[in-house]
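Enquirer: Okay, here's the structure, questions in a sec.
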Amino acid sequence: MPFIQCDLEVGLSDEEKLVLVKKMTDVTHNAIGSAYEHINVVLREHPTANLGEAGQPGRGLISRRNAERAKAGPRRVA
C-alpha cells in the first residue's frame, strides 16, 4: 500500500491539488502496479518563508505565479 507525501508551497487551488493527486496516483500505479484504491497521497503545504531551493530561501514559485496571474487579470474561457 503506497503512501506518498508531497511537501509543497501554499497556493495551489483545490482543482490543481486534485490534478496533482490524480497524476501522482497514475504514476505510482504505472510504475509499480499498485491498485488505485491502495495508493494514498497526502499533500502538506508550507508557507514560502519555510522553503528553500538550491540554497536560496523563500523562492515562492507558486506564490509568484499566482501574483503574475492576478496582475494579468481574469482569465477568459472560450
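Please treat every number below as a calculation from the coordinates, not as lab data. Note that the structure is predicted; figures quoted are calculated from it, not measured. Glycine also receives a Cβ, built like all others from the backbone with ideal geometry; neighbour counts cover every protein chain displayed.
Enquirer: Look through THR48, THR25 and report the one residue that is in contact with a Gly (Cβ under 6 Å, 6 or more places away or on another chain) and hydroxyl-bearing (Ser, Thr, Tyr).
Expert: Result: THR48 is the single residue among THR48, THR25 that is in contact with a Gly (Cβ under 6 Å, 6 or more places away or on another chain) and hydroxyl-bearing (Ser, Thr, Tyr).
Enquirer: Limited to region 17-59, what total is found for residues that are surrounded by 11 or more Cβ atoms within 10 Å (Cβ to Cβ) and either part of a helix (DSSP H, G or I) or within 10 Å of the chain's Cα centre (by Cα) (or both)?
Expert: 18
Enquirer: Can you tell me which residues in region 16-75 are touching a Cys at 6+ places or on another chain (Cβ under 9 Å) and not hydrophobic (A, V, I, L, M, F, W, C)?
Expert: ARG44, the sole residue that qualifies.
Enquirer: Condition first: surrounded by 14 or more Cβ atoms within 10 Å (Cβ to Cβ) and closer than 19 Å to ARG64 by Cα. Now tell me which residues in region 1-16 satisfy that. Show your work before the answer.
Expert: Restricting attention to region 1-16, the residues satisfying the condition of being surrounded by 14 or more Cβ atoms within 10 Å (Cβ to Cβ) are 2, 4, 8-12.
Result: LEU8, GLU9, VAL10, GLY11, LEU12.
Enquirer: Name every residue in region 15-54 that is of a type in the set (S, T, N, Q) and touching a helix residue (DSSP H, G or I) at 6+ places or on another chain (Cβ under 8 Å), in order of residue number.
Expert: Listed by number, the residues that qualify are THR25, SER34, THR48.
Enquirer: Quick one: what pairs do we get from region 39-68, first residue within 22 Å of LEU18 (Cβ to Cβ) and touching a residue at least 24 places away in the same chain (Cβ under 8 Å), second loosely packed, with under 14 Cβ neighbours inside 10 Å and of a type in the set (Phe, Trp, Tyr), C-beta under 8 Å, 6+ apart or different chains?
Expert: Hits for this filter: ASN40/PHE3; VAL42/PHE3.
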